[in-house]
């Protein structure tokens, strides 16, 4: 296999289905989404203040649930194809938690689904942490690399730093200004965009 090319990638809402699993966990706590469910911001989706929703997200991210999230869309098939057929590896940048056990569960989850060989490295930040600083450092190591996100602000930051940003489609994307960042409705489109096939 050729020397690996690196794609920077978020995890929740990109590789793994965090949102549906979180919603199911919230229902088990007796809490139901009652705001604008299209929004990325969970305070809006749930109608809960920032301090409380941050605490709940942290609880979820540090629970055993984080080790068993299912793959998002058709991510497994096309992550494997990008690795096996085109030599790409993936560097995870995830605002998960500072808890080392939560990080180990996430790493185990990702390796179990996609295979340990597809990952270049794992960078974990605190729950909801800003990614600007780490992306700025990575832009010096991987200039012009693909950067795959589901949060519009992070995708825009990546573009400003010279990355080729890609957004994974979710309901909240329709409510935000994405600028010129391409939006992919599934991983087949991501795959075709990355390998340079015509994308419409």
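Return a whole-number percent for the relative contact order of region 19-67, with Cα pairs under 8 Å and 6 or more residues apart as the contact set.
Values: 31 pairs, mean separation 12.4, N = 49.
About 25 percent, as a whole number.
Remind me, relative contact order of the chain in percent, using alpha carbon pairs under 8 angstrom and six or more residues apart?
On the way: 315 pairs, mean separation 48.2, N = 200.
Once divided by the residue count of the chain, the mean separation gives 24 percent.
Could you work out [θ]222 nm for the chain from helices alone, using -39500 (n - 2.57) per DSSP H run of at least four and dividing by all its residues? Round to the nearest 500 deg cm²/dmol. Please report the intermediate quantities before stating the final value.
Values: 8 runs with 82 residues, N = 200.
Rounded to the nearest 500, it is -12000 deg cm²/dmol.
So, by mean Cβ neighbours within 10 angstrom, what's the order for 47-57, 92-102 with the highest one leading? Show your work: numbers first, answer last.
Numbers: 47-57: 14.2, 92-102: 18.7.
Ranking the peptides 47-57, 92-102 by packing returns 92-102, 47-57.
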**Fill in**
Each label sits 7 Å from Cα toward the beta-carbon; between residue 89 and residue 17 the label points are separated, in nm, by 3.0
**Complete:** Classified through the alpha carbon gyration tensor (a ≥ b ≥ c as square roots of its eigenvalues; rounded if a/c is under 1.5, else prolate when a/b is larger than b/c, else oblate), the chain comes out prolate
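What translational diffusion coefficient, in µm²/s and rounded to a whole number, does the Stokes-Einstein relation yield for region 19-67 at 4 °C and a viscosity of 1.567 mPa s, taking the hydrodynamic radius as the Kirkwood radius over Cα pairs? Write down the numbers at each step before the final one.
Working: Rh = 10.9 Å.
Value of D from the Cα-based Kirkwood radius: 119 µm²/s.
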**Message:** Take residue 117 and residue 27, extend 7 Å from each Cα along the Cα→Cβ direction, and tell me the distance between the two endpoints in nm.
**Reply:** 3.9
**Fill in**
Compactness check, region 124-200: C-alpha Rg relative to the 2.2 N^0.38 Å globular estimate gives 1.10
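May I ask for the equivalent-ellipsoid semi-axes of region 79-143, computed as the square root of five times each C-alpha gyration tensor eigenvalue and listed largest first in whole Å? Mind dumping the intermediate values first?
Details: eigenvalues 91, 63, 10 Å².
Taking √(5λ) for each eigenvalue gives 21, 18, 7 Å, largest first.
Computed from the coordinates by the stated procedures, all read-outs in this text should not be read as laboratory data. Since the structure is predicted, the reported quantities are computational estimates derived from the model, not experimental observations. We place every Cβ from the backbone using ideal geometry, glycine too, and count neighbours over all the protein chains shown.
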